[in-house]
Amino acid sequence: MNPFIVCEHVDFGYEDQDAVIDLSLEINPGDYLCIVGANGSGKSTLIKGFLGLLKPTAGRLTVSEELRRGGIGYLPQQTAAQKDFPATVYEVVISGTLNRRRNRPFYSHTEKNMANKSMERLGITGLKKRCYRELSGGQQQRVLIARALCATKQMLILDEPITGLDPSAIQDFYSLIRELNQKDQMTIVMVSHDVRNIVSQANKILHMQQRALFYGRAADYAGSLAGRKFMLTVHGAGKTE
Amino acid sequence: MVNMVGEMLSYPFLVRALIGGMMVSLCAALLGVSLVLKRYSMIGDGLSHVSFGALSVAVATGWSPLAVSVPVVALAAFFLLRITENSKVKGDAAIAMISACALAFGIVVTSLTTGMSTDVSSYMFGSILAMSRGDVILSCALSALVLCLFVFCYNKIFAVTFDESFAKASGVSVKFYNILIAVLTAVTIVLGMRMMGAMLISSLIIFPSLTAMRVWKSFRGVAICSGVLSVLCFFLGMVLSYGLSIPAGASIVLVNMAAFLLFSAVSRGLVFVNR
């Protein structure tokens, strides 16, 4: 199968600032790619590029026809305003089908079915009529994943998904994502700070600092120079806190 | 009460005020749902002060008040939105600054030219005499537009309000909807502020949705409830203002306040019953 996304020496920038420099990578169907790096290292910018919200300033970023047709499920960082938003779980989930419908004003049967299936897949059908703001962090996360699944059958992009989850919810979340990756053949691209867990979850790792410091198999990352340094700083910082 | 309403309807200027005001409150409430949830409530307040500044200039120069203030306030809406989106500037502080400046500018212009006439004071605190025939027609057109927007673009408005990043990734033009909502808010404020007063108009935007959010748990419920509630509160406020001979703007705000307290009590009660 063709790769979903190919970057060849891609640069991204805002005004006079380079956010991503000379990045080359390939995302193949079935990949579980994790993007790590310090704040401001260009991770979110790269994701915007994948989603087609930013154009590269140099190089070439190719998104396969297949991926473009099937759509990408995106899970953005949660905002403070969302935490107490008055919306039912169903309303949130079905808004994921929005990319399929350009200018029709109302949802059709197909979309309602998709939303129901997606909720079933994540085991939140029982929460359908509940209010989003009354759910726990882990449940809210599941709702947002269900919404993202409405938008795609092939690729999820998650931006710092575990922020604000408690430890048991984090483990739940990782096993859910692994299941989606292995059982449902979902391609996963995740931005995260949680390096320790990531190494055991993902199969590919991209460590960014504007440029790619490391790009390769997750198993090799722990042994690499970039990986050792990063894990040391992240965990060191964690201990002093 | 029925007699009093019948008596009110015999005055043409009161009928105009009722129709125009109900249309404006409906628009304000619907737009308010999106603004409040996106943490843009301050924009409504800022716009009303800018609108005051623009109106004072219009009065001083003798131009038509609507022709001057609608474009100015729409521009200000656009600008305030940019400020709020740009995280480099502290949005709320900038809005507070701009609204104070606009107010001060309006007062200076007025006192240098006409002096603080009744016109200007009625802009500050509202007057039910303000609704002209043209205003009523314009507010009906505006509310038709806002209603259409909420019926036909409801799903997109939900997506943009709940999660801009996701909406953007789904191919919804977030910028377009933000600007549309800001400009419609600007027009709503200009139309409503001469009746409600610059100091009080932002309550029409903020109160109904906050009140609806006490009890309703779905976006649809909140939107519908706040629209209905706003029209109802406006009407009751007008009747109260007529019966007690108090300024309409203030009495409408107090009725809204009472509704908010009532709904809060109901939501407390619901929690208690569910336990």
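Remarks
- Largest-first principal axis extents, alpha carbons of the range A:1-104, Å: 43, 34, 28
- Part-to-part distance (alpha-carbon centres) for the range A:1-32 and the range A:70-94, which is given in Å: 26
- When the listed pairs A:Lys229/B:Lys168; B:Lys156/B:Lys217; A:Lys48/A:Lys204; A:Lys48/B:Lys175 are checked against a 27 Å cut-off, the alpha-carbon distance exceeds it for A:Lys229/B:Lys168.
- Shape of the range B:101-229, Cα gyration tensor, a/c cut at 1.5: prolate
- The range A:126-143 and the range B:209-242 have Cα centres separated by 26 Å.
- The percentage of C-alpha pairs in the range A:176-219 whose separation is greater than 17 Å is 34%.
- Principal axis box of chain A, alpha-carbon based, largest edge first, Å: 50, 43, 36
- Taking N as its residue count, the alpha carbon Rg of the range A:73-151 over 2.2 N^0.38 Å: 1.02
- Rounded tilt (10° steps) of A:137-151 against the dominant C-alpha axis of chain A: 90
- Annotation: average projected area of the range B:2-199 is 12.1 square nanometres, based on the convex hull of Cα atoms across all directions.
- Using alpha-carbon coordinates, inclination of helix A:225-240 to the longest axis of chain A, degrees: 70
- Here B:Ala100 and A:Ser108 are evaluated by their C-beta separation; at R0 = 56 Å the FRET efficiency comes out at 0.65.
- Its residue count N fixes a reference of 2.2 N^0.38 Å for the range A:136-194, and the Cα radius of gyration divided by that reference is 1.05.
- Per-residue Cβ neighbour counts within 10 Å put B:Met196, A:Met119, B:Met4, B:Met42 in the sequence B:Met4, B:Met42, A:Met119, B:Met196, beginning with the fewest.
- Rule-of-thumb Rg ratio for the protein assembly as shown [Cα; 2.2 N^0.38 Å; N residues]: 1.12
- Taken over the alpha carbons of the range A:88-133 as equal point scatterers, the Debye sum produces base-10 log I(q)/I(0) values at 0.22 Å⁻¹ of -0.73.
- DSSP-loop trypsin sites (Lys or Arg not before Pro) across the range A:8-114, with at most 11 other Cβ within 10 angstrom: A:Arg102
- Rg in Å to one decimal, and Dmax rounded to a whole Å, for the range B:190-275 via C-alpha atoms: 13.9, 47
- Centroid-to-centroid separation of the range B:1-64 and the range A:154-202 [C-alpha atoms, Å]: 49
- For the range A:104-118, Karplus couplings with θ = phi - 60° (6.51, -1.76, 1.60), whole Hz, Gly/Pro x: 7, x, 10, 6, 9, 4, 3, 5, 5, 5, 4, 5, 5, 4, 5
- Prolate/oblate/rounded call for the range B:1-85, Cα gyration tensor, a/c under 1.5 rounded: oblate
- Only one residue of B:Ile128, A:His109, B:Phe150 has its Cα farthest out toward the positive end of the dipole of the protein assembly as shown, where Lys and Arg carry +1 and Asp and Glu -1 on Cβ, and that residue is A:His109.
- GNM flexibility winner over chain A from A:Pro161, A:Pro86, A:Pro76 (Cα, springs under 10 Å): A:Pro86
Coordinate-derived values only; no laboratory data. Worth saying up front: this structure is predicted, and the values here are computed from it rather than measured. Because the Cβ atoms are built from the backbone with ideal geometry, glycine has one as well, and the counts that use them run over all protein chains shown.
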